[in-house]
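**Q** Structure in structure tokens, see below.
The values are calculated or read from the model by the stated rules, or taken from the named source; none is laboratory data. Worth saying up front: this structure is predicted, and the values here are computed from it rather than measured. Methodologically, a virtual Cβ is constructed for each residue, glycine included, from the backbone with ideal geometry; neighbour enumeration extends over all protein chains shown. Accessible surface is based on the protein model in full, side chains and every heavy atom, while ligands, DNA and RNA are left aside. Shrake-Rupley method; radii C 1.70, N 1.55, O 1.52, S 1.80 Å.
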Amino acid sequence: KFAFVGAGKMAEAMLAPLQETTIENETPSVSFYDVSCAVAKRVAEKYPSLTRAESLDECVDGADVVVLCTKPQNCDAVFADLRPVVQNQKTPPVLLSILAGVPTERFRAGLGLQKVARAMPNTPGQIGCGVTVWTAGEHKELFTDADIERCKGALGALGKEIYVEEESYVDMSTSISGSGPAYIF
């Protein structure tokens, strides 16, 4: 199960192809939550096969991967709300962050999760033509093969996913793959 916290434009770029992909030989279950009722309603109407959660607890319950898609400047508020939710999970989920400029160590400290992956998808992913650079960083050994496959599968649904060992490469790629398509569109 994938749980999306935040359902804005970049989350939508991931939700669209993810609902039609296969990971671990099945179509993943996807739930999402957004603090904006208007955003949540719009996404629910556009993607009826996804589960609109009414709370963070409902969204994250039983998730294998929590995809964090909020605005970077809202990290502290999100951490305050999300930390008790992920800490109460029977099995701690993987956190897959698409927040630009926020290092994995900040998520580990803020949420108390150890398995944190960081990625920078771009909007061409909505049509399967994106390029996403991602990393599990220096704590990759904590990830199971299934954890890595889930992250690769979700990001691969957007187009090409490129794994890098060092988190600094994600920062470098952000200016190109994250912002570059805007100049074309």
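**Q** Could you identify the single residue in Ala109, Ala100 that is hydrophobic (A, V, I, L, M, F, W, C), open to solvent by 40 Å² or more (accessible area, probe 1.4 Å) and assigned to a loop (DSSP other than H, G, I, E, B)?
**A** Numbers: Ala109 fails: assigned to a loop (DSSP other than H, G, I, E, B).
Only one candidate qualifies: Ala100.
**Q** Residues in the stretch 48-75 that are under 17 Å from the mean Cα position of the chain (by Cα), of a type outside the set (Asp, Glu) and either outside any strand (DSSP E or B) or surrounded by fewer than 20 Cβ atoms within 10 Å (Cβ to Cβ) (or both): how many?
**A** 16
**Q** Moving on to the next point. Take the residues in the stretch 122-135 that are under 21 Å from Gln19 (Cβ atoms) and modelled with pLDDT of 85 or more; name whichever of them is surrounded by the fewest Cβ atoms within 10 Å (Cβ to Cβ).
**A** Start the filter on the stretch 122-135 by keeping residues that are under 21 Å from Gln19 (Cβ atoms), which leaves 122-132, 134.
Of the ones still in play, those that are also modelled with pLDDT of 85 or more are 129-132, 134.
Numbers: Cys129: 14, Gly130: 24, Val131: 21, Thr132: 27, Trp134: 25.
It comes out as Cys129.
**Q** Considering each residue of the stretch 14-33, count those that are in a strand (DSSP E or B), touching a Leu at 6+ places or on another chain (Cβ under 9 Å) and not hydrophobic (A, V, I, L, M, F, W, C), and give that number.
**A** First, pick out the residues of the stretch 14-33 that are in a strand (DSSP E or B): 23, 26, 30-33.
Subsequent filtering for residues that are touching a Leu at 6+ places or on another chain (Cβ under 9 Å) retains 30-33.
Next, only the ones that are not hydrophobic (A, V, I, L, M, F, W, C) stay: 31, 33.
The total comes to 2.
**Q** Ok, one more. I'm trying to understand the selection: among the residues of the stretch 136-170, which are in a helix (DSSP H, G or I) and open to solvent by 60 Å² or more (accessible area, probe 1.4 Å)? Show your work before the answer.
**A** Of the stretch 136-170, the ones in a helix (DSSP H, G or I) are 137-142, 145-156, 167-170.
Listed by number, the residues that qualify are Glu138, Lys140, Glu141, Leu142, Asp145, Glu149, Lys152, Tyr169.
**Q** Right, something else. If I ask for residues that are assigned to a helix (DSSP H, G or I) and under 14 Å from Ser49 (Cα atoms), which ones from the stretch 1-13 would you list? Full working, then the answer.
**A** First, the residues of the stretch 1-13 that are assigned to a helix (DSSP H, G or I): 9-13.
Listed by number, the list holds a single entry, Glu12.
**Q** A further question on this structure: What about Asp81, is it open to solvent by 30 Å² or more (accessible area, probe 1.4 Å), within 16 Å of Arg150 (Cβ to Cβ) and charged (D, E, K, R)?
**A** Details: open to solvent by 30 Å² or more (accessible area, probe 1.4 Å): yes; within 16 Å of Arg150 (Cβ to Cβ): no; charged (D, E, K, R): yes.
For Asp81, the condition - open to solvent by 30 Å² or more (accessible area, probe 1.4 Å), within 16 Å of Arg150 (Cβ to Cβ) and charged (D, E, K, R) - is not met.
**Q** Does Pro181 satisfy the condition of being at pLDDT 90 or above and either assigned to a loop (DSSP other than H, G, I, E, B) or not hydrophobic (A, V, I, L, M, F, W, C) (or both)? Before you say what the answer is, go through the steps one by one.
**A** Details: at pLDDT 90 or above: no; either assigned to a loop (DSSP other than H, G, I, E, B) or not hydrophobic (A, V, I, L, M, F, W, C) (or both): yes.
In short, no.
**Q** For the structure I just gave you, tell me whether Lys90 is open to solvent by 30 Å² or more (accessible area, probe 1.4 Å) and in contact with a Phe, Trp or Tyr (Cβ under 8 Å, 6 or more places away or on another chain).
**A** Details: open to solvent by 30 Å² or more (accessible area, probe 1.4 Å): yes; in contact with a Phe, Trp or Tyr (Cβ under 8 Å, 6 or more places away or on another chain): no.
When the stated conditions are applied, Lys90 does not pass them.
**Q** Which of the residues that make up the stretch 11-47 are within 21 Å of Cys75 (Cβ to Cβ) and either of a type in the set (A, V, I, L, M, F, W, C) or open to solvent by 20 Å² or more (accessible area, probe 1.4 Å) (or both)?
**A** Those that are within 21 Å of Cys75 (Cβ to Cβ) and either of a type in the set (A, V, I, L, M, F, W, C) or open to solvent by 20 Å² or more (accessible area, probe 1.4 Å) (or both): Ala11, Ala13, Met14, Phe32, Tyr33, Asp34, Val35, Ser36, Val39, Ala40.
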